[in-house]
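Input: a single structure, listed below in structure tokens.
The values are calculated or read from the model by the stated rules, or taken from the named source; none is laboratory data. Note that the structure is a prediction, hence the values are computed from the model and not measured. All Cβ positions, glycine included, derive from the backbone under ideal geometry; neighbour counts span all protein chains shown.
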Amino acid sequence: MRFGYFSSAAVLTIVALGSAAPIVQAQTPEAAAAQIAALRTQGSSGLQTFLQTYAQQLNLPLGTLPQPEVRAALDSLCQQRDCHASRLYWYTDLEQAKAIAKAEGKPILSLRLLGRLDEELSCANSRFFRIILYPNAQVSQVLRERFVLHWQSVRPVPKVSIDFGDGRKLERTLTGNSIHYILDSAGRPIDALPGLYGPQAFLRQLQQAEQAVQEYGRRQGADRESFLQQYHRDRLAAIQTAWTADLKQAGITAVPKLAPLPEGVPTAEEASRVAVSKMVVEMPLLMRISLAAARNRTLLETVTDQAAWVKLAELHRDDARLDTSSRNLMRSKNPSLLAATKSVPASTADPFGALLSKFEAVIALDTVRNEYLLHNQIHQWFVEGQTTDQVETLNDRVYSQLFLTPSSDPWLGLLPADGYAAIENDGIRQ
């Protein structure tokens, strides 16, 4: 197929090549949208058709975005903003994603976010994913070849527009977090990556979770759950070991002595040998694992103040490095910064380089905090085996207890009951 746009009306044209089908010209935005929808029904192959047809328009020099019409059509086809950089196809229907995952024998990477992934102003972390992770050459290849991608909006993202009174406006989002769930082809959660991770850390997590999905699929019945609990018990132990080692390497002297986590989640076969239910055998052990993990996390948190977190982040700075594709996307989305970079003498510090260094430091800090605190807690929930077998139930708990933005709060913590703004009706407009 060939696609073109009439410059005056931004109208999409599709031409079927190598067939007797006539040229179909979309003379209205509605018809253009229908043609993109038809390509979406072809899944990843529809995306590849578009990319091949528009290869010349998408092969752009540094700091250049595609033509608005091409970019909008591609984002709609992918259901992801900045798809020209990632070239990833996303499902927005979990049942469709499950069907494809089953047919292709792949796990599902299901993103939950505030706002929409195909809009510029989705929540902050999802925007960072579109810059840091999805365009990254290694990450995008792994996602494209080894996962079925899906996203779902949890709720709209709060937005604020600041009017400076002289024609200038500043648009931003407020609050909101995102999480990637790794699901098997039936939609069963196997693991979850809360918040932002640097590209290399994200790749390692994907590899571990993919292997867990494969091992889970090779087992049957109760042994699946035993494996999953053991997997997360081992991940808990690995986190506390890594956290302790990082503190020592960073020169933190008051590193606590941690209690070892109990070994060995009983299998269904082991429980049957003593003629009692698996739950009776395993629950005391699982509770001991959970309690020990919670105590260890509290001890480690106590000695890891903000200064310590910064030191730990510096140890993992390489995990946060942006590759060429991500850096190019950053430049293209900030043309004023690109212009400033080109205008400074060679001896002057590159303003983009300074921004990039600061950004990578933030990514590294988020990576260690999300892994050692939030992912730690999620592993503990999986060990306990509660609220983790259904992604919607697990997601409710994540947003309520980890992200502290429960669905029961319509204002996402932005309207405190004990605050006074001196504005009529607290500024609420409904």
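Structural remarks
- Taking the stretch 357-409 as the range and being within 26 Å of Ala242 (Cα to Cα), free of Cβ contacts under 8 Å to residues at least 60 places away in the same chain and among the hydroxyl-bearing types (Ser, Thr, Tyr) as the test, only Ser357 passes.
- Per the conditions (1) assigned to a loop (DSSP other than H, G, I, E, B); (2) within 25 Å of the chain's Cα centre (by Cα), the sole criterion not satisfied by Lys257 is (2).
- Cβ-Cβ under 7 Å pairs, at least 6 apart or on other chains, the stretch 289-304 side in the same structural domain as Gln230 (by TED's automatic domain parsing) and over 15 Å from Val383 (Cα atoms), far side of a type in the set (A, V, I, L, M) and assigned to a helix (DSSP H, G or I): Val303/Leu247; Thr304/Leu247
- So Tyr181, is it at negative phi, assigned to a strand (DSSP E or B), modelled with pLDDT of 95 or more and in the same structural domain as Tyr134 (by TED's automatic domain parsing): yes
- Qualifying residue in the stretch 123-133 (condition: more than 12 Å from the chain's Cα centre (by Cα) and either surrounded by fewer than 18 Cβ atoms within 10 Å (Cβ to Cβ) or modelled with pLDDT of 95 or more (or both)): no
- Search result, residues across the stretch 31-62 that are surrounded by 13 or more Cβ atoms within 10 Å (Cβ to Cβ), more than 25 Å from the chain's Cα centre (by Cα) and not in a helix (DSSP H, G or I): Tyr54, Leu60
- Those helices (runs of 4 or more DSSP H) lying entirely in the stretch 67-139 with at least 2 residues farther than 22 Å from Gln214 by Cβ and of a type in the set (Asp, Glu): 68-78
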